[in-house]
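The structure appears below as structure tokens.
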Amino acid sequence: MAKRTVVTMPGDGIGKVVLPEALRVLDKVGFEADYVHADIGWEFWVNEGNALPDRTIKLLEEHRVGLFGAITSKPKDKAAAEISKDLADKGYVYYSPIVGLRQHFNLDVCIRPCRSFPGNPLNFIRRKEDGFDEPVVDVVVFRQNTEGLYAGVEWTDPPDGVRSALATHKKFAKFEDVPGEDLAISTRIFTRTACRRICEEAFKYAKKFGYKSVTICEKPNVIRETSGMMEEEGRKVATRYPDIDLWHTNIDAQMMWLTKNPEDYGVIVAGNMFGDIVSDGFAGLVGGLGFANSANTGVDCAVFEPTHGSAPKYEKLSPSIVNPIAMFLSSCMMLDYLDETDKATAIREAIAEVIADGSVRTYDMLKLRGGPEAIKKGAATTEQMTDAIIERL
């Protein structure tokens, strides 16, 4: 297969730690690629007023595949306080660069697998009459990535035109006398096209990989218009897949049921905010953020990332203690996307063998507090975990 070019974006904090380890694993499994570094993250906001520089966008426009580490995002007041003095009060506004990538490249389908590995001490267990039970969790969340509450259409002190438009709705009457500086509005925008596409991608995935159900996880009994549109499009798509059951859950009830019967669910579809919530919930059942991987895909571009944050307090620990497996699993999703499925399978099997063996475990897997003392208590370093997986390969 022709050599690939992958844009690597370590980003902030532990992204700078785990992404290089993933490249070691990819090299060992025989994936041939040219890696092009791209700037992204907090230091570029501070020094340039843009956490997603145009030069990075141009690299992705050229190569169309990115591997991303982690990002630090802060509220606007803290972002404004940390920008370089030379740039302060010049109209710069901080935006999350990963959200910016999703919107610029229309990476509208976010796929978040949540699968348990046998032998992982962090797997969810539940009590039963004669002891404990450890259900096998194999859930894949399809999260609409570019609309909803994360679309960024929001205001504090909304302009007159916005207030006038909202005033045409009778339920806005109780807000009409609120002073502008005391009124904040964030919109939740769904389009039928995006709802249809995320549902279609979810059903195609379920058919390809043998899942028996697709669940629309929204809140149509309260958020009638947007959640209702997602459910309506899900029902239309489901008619073309008669062998796959279509289920419906409300997000609040789903968060209760995921610890009651997680093994019953297969593919789950949700809008941006609810998809973020439910995927983190299921990730907690299979080991937490150290195992949470994802793909952001569009029609002809994709960026792959672990869903853990930048955890800057761990970035400069030497040796590093963070769990790199989420980054490795995200790299596997990239390999699948590039039709290098055999290599992705080999890495996943190596990870499974190391976890099942149990002799190499990072601090989170040993349920220790993060910090240098974790290594003295038997935790593997980031490099040692990588080495163990490479050895299995």
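The values are calculated or read from the model by the stated rules, or taken from the named source; none is laboratory data. Keep in mind the model is a prediction, meaning the values are calculated, not measured. Don't worry about glycine lacking a Cβ; one is built from the backbone with ideal geometry, like all the others, and counts go over all protein chains shown.
In segment 235-288, of all residues being in a strand (DSSP E or B) and touching a residue at least 60 places away in the same chain (Cβ under 8 Å), the one that is farthest from THR191 (Cα to Cα) corresponds to VAL286.
Checking ASP243, ASP182 one by one, the residue that is in the same structural domain as VAL141 (by TED's automatic domain parsing), acidic (Asp, Glu) and surrounded by fewer than 12 Cβ atoms within 10 Å (Cβ to Cβ) is ASP243 and no other. I'm checking my understanding of the structure. Among residues of segment 65-86 that are modelled with pLDDT under 95 and crowded, with 16+ Cβ neighbours inside 10 Å, which one is farthest from SER310 (Cα to Cα)? Among residues in segment 65-86 that are modelled with pLDDT under 95 and crowded, with 16+ Cβ neighbours inside 10 Å, the one farthest from SER310 (Cα to Cα) is ALA79.
Here ASN145 clears all of (1) modelled with pLDDT of 95 or more; (2) over 21 Å from ILE251 (Cβ atoms) except the condition numbered (2). Within segment 351-379, being crowded, with 18+ Cβ neighbours inside 10 Å and under 23 Å from the mean Cα position of the chain (by Cα) holds for ILE351, ILE355, THR362, TYR363, ASP364, MET365.
Per-residue answers, yes or no, for (1) in contact with a helix residue (DSSP H, G or I) (Cβ under 8 Å, 6 or more places away or on another chain); (2) part of a helix (DSSP H, G or I); (3) surrounded by 15 or more Cβ atoms within 10 Å (Cβ to Cβ); (4) not acidic (Asp, Glu):
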residue: ASP177; (1), (2), (3), (4): no, no, no, no
residue: THR193; (1), (2), (3), (4): no, yes, no, yes
residue: GLU200; (1), (2), (3), (4): yes, yes, yes, no
residue: PRO220; (1), (2), (3), (4): yes, no, yes, yes
residue: MET229; (1), (2), (3), (4): yes, yes, yes, yes
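Answer with yes or no whether ASP300 is of a type in the set (D, E, K, R) and on the phi > 0 side of the Ramachandran plot. The answer is no for ASP300. Remark: pairs (first residue in segment 62-75, within 14 Å of GLY41 (Cα to Cα); second residue of a type in the set (Phe, Trp, Tyr) and not in a strand (DSSP E or B); Cβ separation under 6 Å; 6+ apart in sequence or on different chains) = THR72/TRP42.
Within segment 91-113, the set of residues being over 11 Å from the mean Cα position of the chain (by Cα) and either closer than 22 Å to VAL267 by Cβ or assigned to a loop (DSSP other than H, G, I, E, B) (or both) comprises GLY91, TYR92, VAL93, TYR94, TYR95, SER96, ARG102, PHE105, ASN106, LEU107, ASP108. Considered as a group, the residues in segment 347-379 that are of a type in the set (Gly, Ala, Ser) and free of Cβ contacts under 8 Å to residues at least 40 places away in the same chain include one that is farthest from PRO319 (Cα to Cα), and that residue is SER359.
Residue-by-condition table, conditions (1) at pLDDT below 95; (2) farther than 20 Å from ILE251 by Cα; (3) not small (Gly, Ala, Ser):
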site	(1), (2), (3)
VAL136	no, yes, yes
VAL139	no, no, yes
PRO158	no, yes, yes
HIS169	no, yes, yes
PHE175	no, yes, yes
VAL178	no, yes, yes
ARG196	no, no, yes
ALA206	no, yes, no
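Every residue, every condition in (1) out of contact with any helix residue (DSSP H, G or I) (no Cβ under 6 Å at 6 or more places or on another chain); (2) not in a helix (DSSP H, G or I), yes or no:
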residue	(1), (2)
VAL6	yes, yes
MET9	yes, yes
LYS16	yes, no
LEU23	yes, no
GLY30	yes, yes
TYR35	yes, yes
ASP39	no, yes
TRP45	yes, no
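Just one of the listed residues (THR187, THR168) is exposed (fewer than 11 other Cβ atoms within 10 Å of the Cβ) and among the β-branched types (Val, Ile, Thr), and it is THR168. For segment 38-60, the set of residues classified as over 21 Å from the mean Cα position of the chain (by Cα) and either among the charged types (D, E, K, R) or at negative phi (or both) consists of GLU43, PHE44, TRP45, VAL46, ASN47, GLU48, ASN50, PRO53, ASP54, ARG55, LYS58, LEU59, listed by residue number. For segment 91-116, a residue qualifies if it is of a type in the set (Phe, Trp, Tyr), out of contact with any strand residue (DSSP E or B) (no Cβ under 8 Å at 6 or more places or on another chain) and crowded, with 18+ Cβ neighbours inside 10 Å, and exactly one does: TYR94. I'd like to know if segment 309-322 contains one or more residues that are farther than 22 Å from PHE31 by Cβ, surrounded by 18 or more Cβ atoms within 10 Å (Cβ to Cβ) and touching a strand residue (DSSP E or B) at 6+ places or on another chain (Cβ under 6 Å). Yes, segment 309-322 contains a residue that is farther than 22 Å from PHE31 by Cβ, surrounded by 18 or more Cβ atoms within 10 Å (Cβ to Cβ) and touching a strand residue (DSSP E or B) at 6+ places or on another chain (Cβ under 6 Å).
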